[in-house]
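Step one of this worksheet: look at the structure below.
Taken together, the values in this text are just the output of simple stated rules run on the coordinates, not laboratory data. Given the structure is predicted, the values throughout are model-derived calculations rather than measurements. Neighbour counts are summed over all protein chains in view; Cβ atoms, including those assigned to glycine, are modelled from backbone coordinates with ideal geometry.
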Amino acid sequence: MNFIELARSRCSIRKYKPEPVSEDLLTQVLLAGSLAPTAKNLQPFQFIVVRAPEQLDALAAAYPAPFLREAPVVIVICIDPGEAWVRQRHDDRNYCEVDAAIAVDHMALAATDLGLGTCWIAAFDPDMVAAAMQLPEGVEPLLLLPLGYPAEEGREKSRKSLEELVRYEHW
Ligand SMILES: Cc1cc2nc3c(=O)[nH]c(=O)nc-3n(C[C@H](O)[C@H](O)[C@H](O)COP(=O)(O)O)c2cc1C
């Protein structure tokens, strides 16, 4: 599969088979995340791998859509804004979330390439996730990434056309 085919075939999966994900596949997905570029190479994030049933229950309570609890693995992407690059010379913009999003995209694409399904999840209760994951002060949960074998096809892609998205030389 070339890159455009891979990007096309990645889609949000909201139904998972109960089959476990092997250690080898999980490691490949995590490795893909670790290879992502970050501003100044600071890598201001941690990936928490959650497989224990009671911890999966706690995540499901923070995001009560049934599909999250179906996945055998959930990766909790945590950011540490204090560790991230900040554009101090101009506007103090913190690039932590950009860095973490690239890592999550690498993981989601790697999972697709390995025959696994994922879904980016942001609409969870961050306080509940922080408590369940015992996050230290200053560390925040940014995204949940369930990982498992898809039990559905995924929806047809609907995207803006290049004509709608792209401008040349100026706005
Ligand atoms: C930052 C971000 C947050 C998202 N949060 C959720 C979420 O909380 N729940 C959910 O079901 N899908 C969530 N999604 C999935 C999007 O709805 C989905 O990617 C989009 O509709 C495009 O569909 P596709 O992933 O199948 O291509 C999120 C996606 C992104 C990138």
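Pairs of Cα atoms in the chain fall into 10 Å distance bins, from 0 up to the last occupied one, in shares of 10, 34, 35, 17, 4, 0 percent.
Note on His106, His170, His90: ascending count of other Cβ atoms within 10 Å places them as His170, His90, His106, the fewest first. Going from the fewest other Cβ atoms within 10 Å to the most, the residues Arg89, Arg155, Arg51 appear in the order Arg89, Arg155, Arg51. Using a cut-off of 18 Å between alpha-carbon atoms, which lysines can reach Lys15, once sequence neighbours fewer than 8 places away in the same chain are excluded? Within the straight-line cut-off, Lys15 pairs with Lys157.
The residue among Gln88, Val139, Val166 whose Cα reaches farthest toward the positive pole of the charge dipole of segment 70-171, with charges on the beta-carbon of Lys, Arg, Asp and Glu, is Val166. Over the residues of the chain, the helix contribution to mean residue ellipticity at 222 nm works out to -10500 deg cm²/dmol, using -39500 (n - 2.57) for each DSSP H run of at least 4. Remark: segment 77-157 projects, on average over all directions, an area of 7.3 nm² (convex hull of Cα atoms). Applying the Karplus relation 6.51 cos²θ - 1.76 cosθ + 1.60 with θ = phi - 60° to segment 157-171 yields 3J(HN,Hα) values of 6, 10, 9, 4, 6, 4, 4, 7, 9, 10, 10, 10, 6, 7, 5 Hz, where x marks Gly and Pro.
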